[in-house]
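The values are calculated or read from the model by the stated rules, or taken from the named source; none is laboratory data. Just so you know, these numbers come straight off a predicted model, no measurement behind them. So basically every Cβ, Gly included, is an ideal-geometry build from the backbone, and we count neighbours across all protein chains shown. To get the accessible areas, we keep the full protein, side chains included, count just its heavy atoms, and leave off ligands, DNA and RNA. Shrake-Rupley method; radii C 1.70, N 1.55, O 1.52, S 1.80 Å.
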Amino acid sequence: MIAVKIKIICIGKLKEKYLKDGISEFLKRLKVYAKVEIIEVDETKICDNPSDSEIKNVIEDEAKKIEKYLQTSDYVITLDVKGKTINNMEYVKMIDNACLNGYSSFSFIIGGSYGISNRLVDLSNFNWSFSKLTFTHQMIRLLLIEQIYRGFKIMKNEPYHK
């Protein structure tokens, strides 16, 4: 029986076939390690040239939609350009430590194109940045799922097939 549960909570739906195909492949590979659920939350509509206050309102509205899927028992990881960068071994150690502290459910949050609410960052256990580079929030899904898979391979001391 698989004890680890992973929720990937994202703003918006994937449109690009190549991203869908890549994610599908890693979801198949992950089945032996964890139950993974991807939750797509509707983007909040905004005009083409929004003001700063309109952008702030969108970010907060999307945060409220995301919060509905979080449990107090979840180890919450936000993905944010302002987060901390870590390597694979630091990631594995973080997940191992969370499991040792009783967590078996992990929620990864990917905000929308305008970013993620500070409120979500504050309630998270870890705020993670993949890079100083900016990626689309849709592309980050594929990168995240690959990193989750890679982490399980490292934890199980199994070779990673490239």
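Positive-end ranking of THR136, THR44, TYR33 along the dipole of segment 16-162, with charges on Cβ about the Cα centre, is headed by TYR33. Our compactness index for the chain, the C-alpha radius of gyration over the empirical 2.2 N^0.38 Å, is 1.03. Segment ARG119..ILE46, full-extension length gain: 24.2 nm, with 0.36 nm per residue of separation and the alpha-carbon distance subtracted. Carbon-plus-sulfur accessible fraction, segment 76-162 (probe radius 1.4 Å, protein heavy atoms only): 52%. Note that segment 96-103 has calculated 3J(HN,Hα) couplings of 4, 4, 4, 5, 4, 8, x, 7 Hz, one per residue in order, obtained from phi through the Karplus relation 6.51 cos²θ - 1.76 cosθ + 1.60 (θ = phi - 60°); glycine and proline are x.
Checking every one of the chymotrypsin sites (Phe, Trp or Tyr not before Pro) in segment 1-95 against DSSP loop status and a limit of 15 other Cβ atoms within 10 Å picks out TYR69. Principal axis extents of the Cα atoms in segment 58-150, from largest to smallest and rounded to whole angstrom, are 36, 30, 19.
Distant-in-sequence amide contacts of TYR75, defined by a placed amide H-H separation under 5 Å and a gap of 5 or more residues or a different chain, comprise SER105, PHE106, SER107. Using just its DSSP H runs of length 4 or more, each adding -39500 (n - 2.57), the chain gives a mean residue ellipticity at 222 nm of -13500 deg cm²/dmol after division by all residues. Within segment 77-126, the proportion of C-alpha pairs whose separation exceeds 12 Å stands at 68%. Against the main long axis of the alpha-carbon atoms of the chain, helix 137-155 sits at an angle near 20°.
Average accessible surface for segment 25-159: 57 Å² per residue, computed with a 1.4 Å probe over protein heavy atoms with every protein chain in place. 3J(HN,Hα) along segment 45-61: 5, 8, 6, 5, 10, x, 7, 4, 5, 5, 5, 4, 5, 5, 4, 5, 5 Hz, from the Karplus curve 6.51 cos²θ - 1.76 cosθ + 1.60 with θ = phi - 60°, whole Hz, x for Gly and Pro.
Between the beta carbons of LYS156 and GLU60, assuming R0 = 25 Å, the FRET efficiency works out to 0.05 to the nearest 0.05.
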